[in-house]
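Report on the structure given below.
No lab work stands behind these numbers, since they all come straight from the coordinates. Since this is a predicted model, take the numbers as computed values, not measurements. Cβ: placed from backbone, ideal geometry, glycine included. Neighbour counts: every protein chain shown.
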Amino acid sequence: MAIKLYVGNLATETTDEGLRNAFVQYGEVVDVAVERDAETGGSRGFGYVEMASRAKADVAIAELNGHHLQGRPLAVREHRARPGR
């Protein structure tokens, strides 16, 4: 079962490919989406990574939470859908 992760504190220049590269070393990445600002096209500072297995996602969280990507410490946790959305 795939697990969706929230990744916060991204630099404005972070791309889907750059985020994928940070996570793929910990396991199969099913999907990546960096949320983009409609006006600038830059990262809105967060995105989502979907990993193929919970075990690999847990390792990625442990290894990458607080890890610097493009000079910024990542905030990585399991995505929790907000009620009413």
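Observations on the model:
- Counting every other Cβ atom within 10 Å of each residue's Cβ, S53, S43 order from fewest to most as S53, S43.
- Dividing the C-alpha radius of gyration of the stretch 39-81 by 2.2 N^0.38 Å, with N its residue count, gives 1.30.
- Ordering D37, D58 from the fewest to the most neighbouring beta carbons within 10 Å gives D37, D58.
- The alpha-carbon atoms of the stretch 17-65 define a convex hull whose volume equals 65 cubic angstrom per residue.
- Computed log10 I(q)/I(0) for the chain at 0.12, 0.15, 0.16, 0.19 Å⁻¹: -0.31, -0.49, -0.56, -0.77, from the Debye equation with unit scatterers placed on every C-alpha and solvent omitted.
- Rounded to 10°, Cα long-axis angle of helix 54-64 versus longest principal axis of the chain: 50
- Residue-averaged [θ]222 nm for the chain, counting only DSSP H segments that reach four residues, each worth -39500 (n - 2.57): -7000 deg cm²/dmol
- Listing R54, R80 from fewest to most neighbouring C-beta atoms within 10 Å gives R80, R54.
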